Amino acid sequence: MPRSTLVPMTEPTELRRTVETYWASAEARDWDTFASTLAEDVVYDLPQTRERISGRERYVRFNREYPGDWHLRIERIVADPGSGQAVSWTHFTVGLEEMYAVNLFTADAAGRIATITDFWPEPYEPPTGREHLVERY
């Protein structure tokens, strides 16, 4: 892509702002604002558990009723205004447990979130033999 067509990082796209609002309202448990970021027919997919939730009301309820004292922090959001797609990397805590997720979003014509796909990778120990090449954190 020619450099002149890149969107400066200081100008957030509408979808990026929507995703930021989505996460901020989830953390604040502001379910009315959370719902306002979603299309009425939003579809939420969890590939690892092969679960799907269809519809704004059911998806808001899923989040509202999620067990435990969970909290989140946005690590990064990347949004592509031309495609109506965004990706976020988020850090979650549930009690003492910590986990990361990669979240894929698409927007509808009105700029609301139409689809969400969450990937929850499990941490694991690396294979031996590459210790001389890596730094563990």
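The values are calculated or read from the model by the stated rules, or taken from the named source; none is laboratory data. These numbers were taken from a predicted model, which means no experiment stands behind them. Cβ: placed from backbone, ideal geometry, glycine included. Neighbour counts: every protein chain shown. For accessibility, only protein heavy atoms count, side chains too; no ligands or nucleic acids. Shrake-Rupley method; radii C 1.70, N 1.55, O 1.52, S 1.80 Å.
Select from the stretch 86-100 the residues that are of a type in the set (Phe, Trp, Tyr) and open to solvent by less than 60 Å² (accessible area, probe 1.4 Å) and list them in ascending order. Selection gives Phe92 alone. Residue count for the stretch 24-42 satisfying the condition of being closer than 10 Å to Arg56 by Cα, open to solvent by 10 Å² or more (accessible area, probe 1.4 Å) and touching a strand residue (DSSP E or B) at 6+ places or on another chain (Cβ under 9 Å): 1. Screening Glu98, Glu40, Glu75 for residues that are within 23 Å of Tyr124 (Cα to Cα), more than 15 Å from the chain's Cα centre (by Cα) and part of a strand (DSSP E or B) leaves exactly one candidate, Glu98.
Residues in the stretch 101-113 that are part of a strand (DSSP E or B), open to solvent by less than 30 Å² (accessible area, probe 1.4 Å) and of a type outside the set (Val, Ile, Thr): Ala101, Asn103, Phe105. Among the candidates Arg136, Arg58, Arg112, Arg130, the residue that is closer than 15 Å to Trp23 by Cα and among the basic types (Lys, Arg) is uniquely Arg112. Every condition in (1) at pLDDT 95 or above; (2) within 19 Å of Tyr100 (Cα to Cα) holds for Asp69 except the one numbered (1). In the condition set (1) more than 18 Å from Glu27 (Cα to Cα); (2) free of Cβ contacts under 8 Å to residues at least 12 places away in the same chain, Pro47 is compliant with all but (2). Pairs meeting the criteria (first residue in the stretch 107-119 and free of Cβ contacts under 8 Å to residues at least 60 places away in the same chain and under 17 Å from Ile53 (Cα atoms), second residue in a loop (DSSP other than H, G, I, E, B) and open to solvent by 30 Å² or more (accessible area, probe 1.4 Å), beta carbons under 6 Å, at least 6 apart or on different chains) are lacking. In this structure, does Thr21 turn out to be at pLDDT below 95 and open to solvent by 20 Å² or more (accessible area, probe 1.4 Å)? No; evaluated as a whole, the condition is false for this residue. Out of Gly68, Gly82, Gly55, one residue alone is of a type in the set (Gly, Ala, Ser) and open to solvent by less than 30 Å² (accessible area, probe 1.4 Å). It is Gly55. In this structure, Gly84 qualifies as closer than 16 Å to Arg16 by Cβ and not charged (D, E, K, R).
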